[in-house]
1. Taking segment 35-73 on its own, how many of its residues are closer than 22 Å to Gly129 by Cα and of a type in the set (Asp, Glu)?
2. Which condition does Gly383 not pass, out of (1) under 19 Å from Ala496 (Cα atoms); (2) surrounded by 17 or more Cβ atoms within 10 Å (Cβ to Cβ); (3) of a type outside the set (Phe, Trp, Tyr), if it passes all the others?
3. Could you tell me which of the residues Arg396, Arg423 is over 22 Å from Ile240 (Cα atoms), in a loop (DSSP other than H, G, I, E, B) and modelled with pLDDT of 95 or more?
4. Tell me, please, whether a residue that is of a type in the set (S, T, N, Q), at pLDDT below 95, touching a helix residue (DSSP H, G or I) at 6+ places or on another chain (Cβ under 9 Å) and open to solvent by less than 10 Å² (accessible area, probe 1.4 Å) can be found in segment 65-86.
5. Report the residue count in segment 337-346 for those that are surrounded by 15 or more Cβ atoms within 10 Å (Cβ to Cβ) and in contact with a strand residue (DSSP E or B) (Cβ under 6 Å, 6 or more places away or on another chain).
6. Determine if segment 6-27 includes at least one residue that is under 19 Å from Pro89 (Cβ atoms), part of a helix (DSSP H, G or I), touching a helix residue (DSSP H, G or I) at 6+ places or on another chain (Cβ under 6 Å) and modelled with pLDDT of 70 or more.
7. Among the numbered criteria (1) more than 24 Å from the chain's Cα centre (by Cα); (2) open to solvent by 10 Å² or more (accessible area, probe 1.4 Å); (3) modelled with pLDDT under 95, which single criterion is violated by Ile52?
8. Can you tell me which residue is nearest to Lys60 (Cα to Cα) among those in segment 488-522 that are buried (at least 24 other Cβ atoms within 10 Å of the Cβ) and among the hydroxyl-bearing types (Ser, Thr, Tyr)?
Amino acid sequence: MDKPRQKPPATALSPATIDMIGEDLLFNIFSKLPAVECAAAACVSRSWNATITRLLSLPKLSSAVSLDPSLQVAVNDVIDKVLACPIRPQFVIASIGPAFDLDEAHRLIAGRFGSQIPVITSISQGIFGQNATTNEFEEVQWDTFDEEEEAHADLGNEIHGALLTVGFLPGLAIDLIPLSKTRGNQVLMIDDLVLSVRERSSSRSGSASPVGILLFSDEDTDIKLVLEKFDYAFSAETVIVGDGGSQFLYRGETAINPSNNKAASSAAVALLFSRDRGKPPGVGETQFHVMLSTGISSIGPTYKAVSVRERSSDYSTWLTAKREAVHGSLDGQTILDQIYDELGGHNNCPVLYVGVTKRRKCSIGQEKPSWISTHEFHEVLRGDEEYLYVHGVGIRSGDSFRFYHASSDLARASCNTVANNFRHLKQLLNYERDDHTNSNSVAMQKKPVFGGIMFACCGRGKLFFGEPNVDGSPFLENFSGVTFSGTYCTGEIARADLSSYEQGSQEHSSIRCNFHVFSTVYLVMSYTPPSPQH
């Protein structure tokens, strides 16, 4: 008789865990977490840490705008918004309205980020970006009128608001380097700054020229002197953009003080982006692309400065000039009358500038000097029967110049040109071919654009064009859904040459122009993923 068959012992079931759903789904879940919660999740297990490390190694630019009249609320709004998704902040840039206290705003913002993260806070003339509450793009310009003047009706009298931009750029190391000036004679330590940038870039990447520099200048600093040496000292591939006239504060343990002089203060600050040769494996490269929309048009003949006087008390230059092939010098009133006639009379006269071409020797430290040619804009103040009066100094007898006037039609056409250039850039980045050395095949590698920053002249915007968002439209039309923010400033920094303003001979391309008026500068960031491992 057969023995009754015994039932096999029950097999214990392994407890189900969230890890069983797979790394890709975990990746998607973690990507929806706020930055703080994501960082906490990385401490749960090794597998989660590895997944979140991969997530945080991707490029990220996050920004937000708040128009709340309370500084505390506005700061909380923008910080909560930019940290609502996973990000590993490498740098923080904040812009606030004139109604807010700069010291307090900088303290509140810097206090929310680690002490080693560079933070720059400035007072701007306006902001552009995505509203933290509505997610709509806002273009806000602040009418910084004098107490005796009335606010412009289209701008209103509200001068509060905050813009915050936080970024992580894979493959780049970031440092903050101030430009010192002595308090006694206000001498800018420009050579020290250039040498510090070279030294830090070399230690980070092995190259004395960094990938890019974001420059913020004090409103009382003649940043054109700095830009002249930067343009001379660094390779043409180094991107240099920024705001050439604002109040700012900065913080960061990575800041390098190029002067040991204790009686020194900062006239500008450079946010330095260098290739990181110590980056971990599996990390791609971040690239910068710059576009410039101009907004001024030349008018009248070319003049040559004859008699030149500088007044340091009001930082102006008095000069007489002559026309080429015409004998005798002309006073300021005669020159302006000729320009006004071409513009259709005094009543039709917009803001005028003279664009002065200067040929000077330039050197860094003890290096041998070389000749360079630059084109610099000076605002026209007035003219009388003796002199033409312009803002700024540095003009010499024999320098040639032309007059320029702001033109919304030209600026709009220039924005359209930038939009077309963005379309071409997008096609190039999406379809650039990558030849693999291990095979004869040719693969297509996308290089996505993940962010953009705009620096626009405070004279542009809604009042200039008659409608809002014209300056931002070239980027927004081409890179929908990509983080984009910007500020309105009183001097736009971008490396360019005279061909951006004058069509003609090849000689114009050798004349450098790095500080602009009535322009908009676009800094676009793209990412090249690491090559596939075979």
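The values are calculated or read from the model by the stated rules, or taken from the named source; none is laboratory data. Not measured: the values here are computed from a predicted model. Note that we place each Cβ from the backbone using ideal geometry, even for glycine, and neighbour counts take in every protein chain shown. The accessibility values were calculated without ligands, DNA or RNA, using every heavy atom of the protein model including side chains. Shrake-Rupley method; radii C 1.70, N 1.55, O 1.52, S 1.80 Å.
1. So the count comes out to 1.
2. (1)
3. On the way: Arg423 fails: in a loop (DSSP other than H, G, I, E, B).
One residue alone meets the criteria, Arg396.
4. Going through segment 65-86, the residues of a type in the set (S, T, N, Q) turn out to be 66, 70, 72, 76.
Remaining after also requiring at pLDDT below 95: none.
Checked against the condition, which is being of a type in the set (S, T, N, Q), at pLDDT below 95, touching a helix residue (DSSP H, G or I) at 6+ places or on another chain (Cβ under 9 Å) and open to solvent by less than 10 Å² (accessible area, probe 1.4 Å), segment 65-86 yields no hits at all.
5. Adding up the residues that qualify gives 1.
6. no
7. Going through (1) more than 24 Å from the chain's Cα centre (by Cα); (2) open to solvent by 10 Å² or more (accessible area, probe 1.4 Å); (3) modelled with pLDDT under 95 one by one, Ile52 breaks only (2).
8. So, considering only residues that are buried (at least 24 other Cβ atoms within 10 Å of the Cβ) and among the hydroxyl-bearing types (Ser, Thr, Tyr), the one nearest to Lys60 (Cα to Cα) is Tyr522.
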